[in-house]
Amino acid sequence: MDFVIDSPPPEMRHEYHLSMVDRMKDKVDKSVFWSKLLGIVMQQGQKDMVDFFDLLLSPASKILNNWFEGDVLKATLATDAVIGSMAGVHTPGSGYVLLHHVMGETGGQRGVWAYVEGGMGSVSSAISKAALEAGFPNICSSHFWEGTGVLADGTEVLTSVVLSNATPYRTFVDLVPANVLPDNFLSAIKTADYSSATTKINVAVDRLPQFSCCKDFNPEGGPEHMGTIHIGSESMEEIDLAYREAANGVSSTRPVIEMTIPSVLDKTISPPGQHVINLFVQYTPYKLSEGSWQDSNVRKFFAERCFSLIDEYAPGFSSSVVGYDMLTPPDLEREFGLTGGNIFHGAMGLDSLFLMRPAKGWSDYRTPVKGLYLCGSGAHPGGGVMGAPGRNAASVPV
């Protein structure tokens, strides 16, 4: 998978004005890609490739049932197959989403995730710093009028190349004038799956949770506080039930919660003795069948439901909460421009990957607008804080 992820898809070039030399080079580049991919396939052998396609096409439940026996272990692993998506453990293709979450590496270790010191905003700050050091003008804190190259203060910005890491929908529907895009392309962007059932709750607490399953407790933080903590889903059937509730427009009665406590390792993000806890919660439909996420009572009720569920595993957690900030799918869309609240900028189903991401015929980061490139998670290879879409986009000839 590394070769495919780290390479721009071998898309057909759309520029009819290309010279004969450029067209020949384009054909050679594609031939090299497919030849190398074929070589990798041949090295794996038929059995391994059948296993690989089984992983790609199967629901996560089938994969996990084949490999493991314990319900709690299977449920713990299954959350990586559904997190960030409006899908269940029995959804065909969810096996790939599971693979997508565990095939990366940190510090040379496969499948390892890491915290960013200072919070996730430090990633953006590092990119900004690198750009400034490379001579780019400092307009990071400026605001553009939508659909223009004009800053809010009236300054006009002229450039021959624009890279967008906004979602495909926001890029092509909200920012690019519709009359410059082909109808079939715009239709593909509009009808893509941006559904999400993820809510993020950032919690400030005055003490670390004390899990009843751990005998020894270190108030400064123990190993049980340093990784991803899975709350509530003790079987894949529980996850499936939570998904089916959301599919009917109802927030899960027993939400699937992934908890992290970055302040145990990163002392820069919280006051001494206090901590920041991040809750990734499923499933919360974008549109509720009854009520609205704009209703403060609805929001409070769901947050307290999550805290009460955590109380079952860490008694007293609710009383440790100093404050919290809750971001439902509509909030994620409004605050961060994530269409539908989808953290991957679009579904990660097999019909939305590789040569079909973000749309058929436009997978190589180029767009119908000359000089405009897509470099975010809505492009190949998809979501996750790995930088691959941007890195690949940067390698595409202008």
For this session: Find the centroid of the Cα atoms in segment 328-375 and in segment 1-64, then give the distance between the two in whole Å.
Result: 20 Å
For this session: Output the DSSP H helices from the chain with an along-axis C-alpha extent of no less than 27 Å and a mean Kyte-Doolittle hydropathy no less than -0.5.
Result: 20-57
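Could you work out the helix-only [θ] at 222 nm for the chain, with each DSSP H run of four or more residues adding -39,500 (n - 2.57) and the total divided by the number of residues, to the nearest 500 deg cm²/dmol? Let's see the in-between values first.
On the way: 12 runs with 140 residues, N = 398.
For the chain, the value works out to -11000 deg cm²/dmol.
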For this session: Starting from the Cα of V50, step 7 Å along the direction of its Cβ; do the same at S235; then give the gap between the two resulting points in nm.
Result: 3.2 nm
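With Cβ to Cβ distances under 14 Å as the rule, what net charge do the other residues near M1 carry (K, R +1; D, E -1)? List each step's numbers first, then the result.
Numbers: positive: K36, R110; negative: D2, D6, D48, D51, E105.
Net charge around M1: -3.
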Seminar exercise, completed: Largest-first ranking of R334, R170 by accessible area, probe 1.4 Å, whole protein assembly kept, is R334, R170
Exercise. Hey, rough spin-label estimate for F136 and L38, points 7 angstrom out along Cα→Cβ, what's it come to in nanometres?
Worked result: 3.9 nm
Seminar exercise, completed: Quick tally, 1.4 Å probe accessible area for V97, V298, sorted with the most first, runs V298, V97
For this session: Just add up the charged neighbours of L338: K/R +1, D/E -1, any other residue whose Cβ is under 15 Å from the Cβ of L338.
Result: -2
Exercise. Using a Förster distance of 45 Å, how high is the FRET efficiency between D2 and C213, based on the Cβ-Cβ distance and rounded to 0.05?
Worked result: 0.75
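For segment 199-329, with only Lys/Arg (+1) and Asp/Glu (-1) charged at the beta-carbon, what is the dipole magnitude about the Cα centre, in debye rounded to 20? Please report the intermediate quantities before stating the final value.
Values: 10 positive and 17 negative charges, 67 e Å.
With only Lys, Arg, Asp and Glu charged at Cβ, the dipole is about 320 debye.
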Problem set entry | the chain: most fluctuating residue of V72, V276, V250 per GNM, C-alpha cutoff 10 Å | V72
Exercise. Three principal axis extents, largest first, for the C-alpha atoms of the chain, in Å?
Worked result: 71, 61, 43
Problem set entry | By accessible area with a 1.4 Å probe, ligands and nucleic acids excluded, highest first: order of M24, M348, M42 | M42, M24, M348
Problem set entry | Those GluC sites (Glu not before Pro) in segment 187-259 that DSSP places in a loop and that have at most 13 other beta carbons within 10 Å | E220
Problem set entry | Cleavage-rule hits, chymotrypsin sites (Phe, Trp or Tyr not before Pro), segment 1-108, DSSP coil, Cβ neighbours within 10 Å at most 10 | Y16
Problem set entry | Set of aspartates and glutamates near K47 by C-alpha distance (under 20 Å), chain-local residues within fewer than 8 positions excluded | D2
Seminar exercise, completed: Rounded to the angstrom and largest first, Cα extents along the principal axes for segment 199-329 equal 43, 31, 21
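DSSP beta bridges in the chain, what fraction antiparallel, as a percent rounded to 5? Please list the in-between numbers first.
On the way: 27 of 30 bridges.
In the chain, DSSP labels about 90 percent of beta bridges as antiparallel.
Counting pairs on different chains as well as pairs 8 or more places apart, how many Lys pairs in segment 199-329 have Cα atoms under 22 Å apart?
Values: K200/K267; K200/K287; K200/K300; K287/K300.
Counting lysine pairs in segment 199-329 gives 4.
The values are calculated or read from the model by the stated rules, or taken from the named source; none is laboratory data. This is a predicted model, so every value here is computed, not measured. Glycine gets a Cβ as well: all are built from the backbone with ideal geometry, and neighbour counts include every protein chain shown. To get the accessible areas, we keep the full protein, side chains included, count just its heavy atoms, and leave off ligands, DNA and RNA. Shrake-Rupley method; radii C 1.70, N 1.55, O 1.52, S 1.80 Å.
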